[in-house]
Structures are given as C-alpha cells and as structure tokens.
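The values are calculated or read from the model by the stated rules, or taken from the named source; none is laboratory data. Values in this document were obtained by computation on a predicted structure and should not be read as measured data. Ideal geometry is used to build each Cβ from the backbone, glycine not excepted, and the neighbour counts take in all protein chains shown. Side chains included, ligands, DNA and RNA excluded: accessible areas come from the protein's heavy atoms. Shrake-Rupley method; radii C 1.70, N 1.55, O 1.52, S 1.80 Å.
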Amino acid sequence: MAKRAKKRANAKKTAARRPRQAPKMLSDLFLETLKDIYFAENKIIKTLPKMAKAANSKELAAAFNKHLRETQGQVKRLDQVFKMLGKPARGKPCEAINGITDEGAEIMKDFKNAPALDAGLLAAAQAVEHYEISRYGTLRTWAEELGMHEAAELLQATLDEEEATDHTLTELATSVINLEAEEEYRAAA
C-alpha cells in the first residue's frame, strides 16, 4: 500500500515539474494539414512527369502534363496561404501520399509494356486525386470556420481543379483507357 502511495506522489511531482503544453486548437490542425498537402503536392510534381512518360495513351499523358501545370499553380496558392498565416511554406512527410505514389511506381514497373499499364496509371492518379479532394475539402472548411475567407477561396479554387481532374480521368477511363486494355487482353487471349 505504501509503495503505491509513494509511486502516485512521485508521479504527481514529475507531472508538476513538466511545463504544460497549450491545448491543440483547430488552427494547429489546419497548419499541420496544410504542411501535409504541401509535401504531397511537391511529391506529385516529381511523380507526374514519370507517369506521363510511362503512359502509352497520348490522351493520358496529356492529362498528366496538364495536371502537372495545375499542381504547380496549386503550390503557389499554398504558398499564399502559408504567407497569410505568417508561417514558412514547408511540408512535413506524408505517409499517405508516399504510399499512393509508391503504388503508382510499382504499377509502372510491374505493368511496363502491358495492356493494362494505362488503366493502372489512371487508377493510381485517381487515388491521388481522391486524397487531394479529401484534404482540400477539409482545409477549405476549416479555413472558413477559422474566419480565413481568402484562404478558403484559394483552397476552393484548388479543390475545383482537383475535382475537374478526377472527372477528366474518369471520362478517359470509361471512354478509352479501360476499353483499350480490355481489347488488348482479348486480342492476346
């Protein structure tokens, strides 16, 4: 019994000596998520040219190159949001985007010269888009809730681009890419 009481007393003393951390606020979460998407966008800028080069379809390569230019503009918008916060534009490693881009790299390697390569590249690109749509939708909502209306507008502009890219990729998949992969498969069978 005395040992337990002594342990509790020691634990209280140790806790009393530690400086108290301020509670994490929505603004902290906003900044951390902004760093996450900043890292992701810069990773995507490095990945899209590789995907465009690997694509067999000219339409798919063109879609990747178009989105590369958009992504560069999106990073500039993020730079503006960081500036509004008075914080340096800096990313923090994002395991989610690393995993998604690693899957894309694996598809490029495993399906090189295969009929399904473009379908796989397109699917990997849509995984990226869906991740970005989720992040930008959340960031926009938080910016509005934090009274950062100009930041919310910048984030909404990017969200609109991401949704348009996802729509373009879906159209490409259902009208060309998946059909070509299936036709090539049937021809080879």
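Miscellaneous remarks
- The residues in the stretch 160-183 that are charged (D, E, K, R), within 25 Å of residue 66 (Cβ to Cβ) and at pLDDT below 90 can be counted, and the count is 1.
- Test: residue in the stretch 29-45 that is within 28 Å of residue 176 (Cα to Cα), surrounded by fewer than 17 Cβ atoms within 10 Å (Cβ to Cβ) and in contact (Cβ under 8 Å) with a residue 12 or more places away in the chain: yes
- Residue tally, condition more than 30 Å from residue 117 (Cα to Cα), open to solvent by 20 Å² or more (accessible area, probe 1.4 Å) and touching a helix residue (DSSP H, G or I) at 6+ places or on another chain (Cβ under 9 Å), over the stretch 54-79: 2
- The set of residues in the stretch 96-124 being among the charged types (D, E, K, R) and closer than 24 Å to residue 134 by Cβ consists of 102, 103, 106.
- Out of 48, 60, sole residue that is assigned to a helix (DSSP H, G or I), among the hydrophobic types (A, V, I, L, M, F, W, C) and touching a His at 6+ places or on another chain (Cβ under 7 Å): 48
- Any pair with Cβ under 6 angstrom, 6 or more apart, that starts in the stretch 55-84 at a residue that is free of Cβ contacts under 8 Å to residues at least 12 places away in the same chain and ends at one that is open to solvent by 20 Å² or more (accessible area, probe 1.4 Å) and not in a helix (DSSP H, G or I): 79/89
- Elements of the type helices (runs of 4 or more DSSP H) sitting completely within the stretch 80-189 and holding at least 2 residues that are open to solvent by less than 20 Å² (accessible area, probe 1.4 Å) and within 30 Å of residue 34 (Cβ to Cβ): these cover 95-110, 117-145, 149-172.
- Qualifying residue in the stretch 21-44 (condition: in a helix (DSSP H, G or I), over 28 Å from residue 85 (Cα atoms) and either modelled with pLDDT of 65 or more or charged (D, E, K, R) (or both)): no
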